[in-house]
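Q: Sending over a structure as structure tokens; questions will come in a sec.
The values are calculated or read from the model by the stated rules, or taken from the named source; none is laboratory data. Being a predicted model, the structure only gives us computed values, none of them experimental. All Cβ positions, even for glycine, are placed from backbone atoms using ideal geometry, and neighbour counts span all protein chains on display.
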Amino acid sequence: MNTNKIGFLDSGFGGITVLSEALRQLPKENYIYYADIEHVPYGTKTKEEVRKYVFQAVEFLVNQGIKALVVACNTATSIAVKELRGMYDFPILGMEPAVKPAVLNGNGKRVLVLATALTLREEKFHNLVQRVDQEHVVDYLPFPELVELAENMIFDYRKVIPVIKNKLAGINLENYKTLVLGCTHFPIYRNAFKQALPPFIDIIDGSEGTIRYLKRLLEERRLISTNTDGGNVVFFDSGIQIQNKERLKTFEWLISHC
Ligand code: DGL
């Protein structure tokens, strides 16, 4: 057993949607959550910039003595995870758009992937699509507006649903069966998506699978915790521990709503 914390990293609030799944599946672990708000959003920046920020964040988390790292950000994963795995021995998990399960779910019907512009530009995404999209049913669209809404703490669906509808206005949704939330910020708005989309469209993301895999790796490497006081999270904004009560409340509210 190992009582060290598990590190989580995202540009902002998005990784909370993955952390809340970890708290469900691994309630005896303790966590450090790093929101890189000094540099949010990642998705509209260059690959080189994001790489630099992610390496800074990981170095900070490593200095805190983490036993595993979840790069709870699709954008950061596509830029840096491979290189990070070559540098550290502890388990490093990333996020990638759940394209494969979406293609299987669609049974020939189209799949729409929403993610950041940088994720969609990267080779990692195109290789994934090429591997699993034999029937050419996958379409994709960047959605930076939703990251911006989340970081501005706009959680009122009356404001969010029109933004979603507007983004999808040019798409004939009748042809689609599955929507992939390929950015960890987007599941914050899962219910807004449900309300904005026709009921025959399934909405999927990769959090559950990533955390299931994390659990397996911790077990295999005997890193799993049997703490009785697990489930604690320490939050950092770009390396500074968050003390502000209002900000902490937002994080906690998001954990309970995702
Ligand atoms: N949450 C992130 C992702 O999954 C990035 C959002 C952003 O900073 O642009 O891609």
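Q: Has region 5-13 got at least one residue that is touching a Leu at 6+ places or on another chain (Cβ under 9 Å), within 12 Å of the ligand (Cβ to nearest atom), under 22 Å from ASP229 (Cα atoms) and modelled with pLDDT of 95 or more?
A: Checked against the condition, which is being touching a Leu at 6+ places or on another chain (Cβ under 9 Å), within 12 Å of the ligand (Cβ to nearest atom), under 22 Å from ASP229 (Cα atoms) and modelled with pLDDT of 95 or more, region 5-13 yields at least one hit.
Q: Also, quick follow-up: Restricting to region 22-40, what's the tally of residues that are within 15 Å of the ligand (Cβ to nearest atom), surrounded by fewer than 23 Cβ atoms within 10 Å (Cβ to Cβ) and either under 13 Å from the mean Cα position of the chain (by Cα) or within 15 Å of THR228 (Cα to Cα) (or both)?
A: So the answer is 0.
Q: Here is a further query. Name the pairs: first residue in region 64-81 and in contact (Cβ under 8 Å) with a residue 60 or more places away in the chain, second residue acidic (Asp, Glu) and crowded, with 24+ Cβ neighbours inside 10 Å, Cβ to Cβ under 6 Å, at least 6 apart or on different chains?
A: These pairs meet every condition: ALA72/ASP10; CYS73/ASP10.
Q: Strands (runs of 3 or more DSSP E) wholly in region 80-199 with at least 2 residues that are touching a Gly at 6+ places or on another chain (Cβ under 6 Å) and within 16 Å of the ligand (Cβ to nearest atom) - which ones? First the steps, then the outcome.
A: Numbers: elements: 110-115, 138-142, 176-181.
Fully inside region 80-199 and qualifying: 110-115.
Q: Can you report the number of residues in region 180-210 which are in contact (Cβ under 8 Å) with a residue 60 or more places away in the chain and either hydroxyl-bearing (Ser, Thr, Tyr) or buried (at least 22 other Cβ atoms within 10 Å of the Cβ) (or both)?
A: Of the residues in region 180-210, 13 are in contact (Cβ under 8 Å) with a residue 60 or more places away in the chain and either hydroxyl-bearing (Ser, Thr, Tyr) or buried (at least 22 other Cβ atoms within 10 Å of the Cβ) (or both).
Q: Additional query: For residues that are under 29 Å from ARG222 (Cα atoms) and among the small types (Gly, Ala, Ser), tally how many sit in region 81-122. So that I can check it myself, show each step before the final result.
A: Let us first name the residues in region 81-122 that are under 29 Å from ARG222 (Cα atoms), namely 81-98.
Restricting the remaining residues to those that are among the small types (Gly, Ala, Ser) gives 86, 94, 98.
Residues in region 81-122 being under 29 Å from ARG222 (Cα atoms) and among the small types (Gly, Ala, Ser): 3 in total.
Q: Is region 42-52 home to any residue that is in contact (Cβ under 8 Å) with a residue 12 or more places away in the chain, over 22 Å from ASN127 (Cα atoms), assigned to a loop (DSSP other than H, G, I, E, B) and within 16 Å of the ligand (Cβ to nearest atom)?
A: No - not one qualifying residue is present in region 42-52.
Q: Please enumerate the residues belonging to region 3-19 that are part of a helix (DSSP H, G or I) and under 14 Å from ASN232 (Cβ atoms).
A: At the first step, the residues of region 3-19 found to be part of a helix (DSSP H, G or I) are 16-19.
Once the filter is applied, which keeps residues that are part of a helix (DSSP H, G or I) and under 14 Å from ASN232 (Cβ atoms), region 3-19 yields only LEU19.
Q: Can I ask one more? If you go through region 233-244 one residue at a time, do you hit one that is part of a helix (DSSP H, G or I) and modelled with pLDDT of 95 or more?
A: no
Q: Let me ask another. Which is over 23 Å from PHE200 (Cα atoms), among the hydroxyl-bearing types (Ser, Thr, Tyr) and either under 17 Å from the mean Cα position of the chain (by Cα) or surrounded by 16 or more Cβ atoms within 10 Å (Cβ to Cβ) (or both), of THR77, THR46?
A: That would be THR77, the only listed residue that is over 23 Å from PHE200 (Cα atoms), among the hydroxyl-bearing types (Ser, Thr, Tyr) and either under 17 Å from the mean Cα position of the chain (by Cα) or surrounded by 16 or more Cβ atoms within 10 Å (Cβ to Cβ) (or both).
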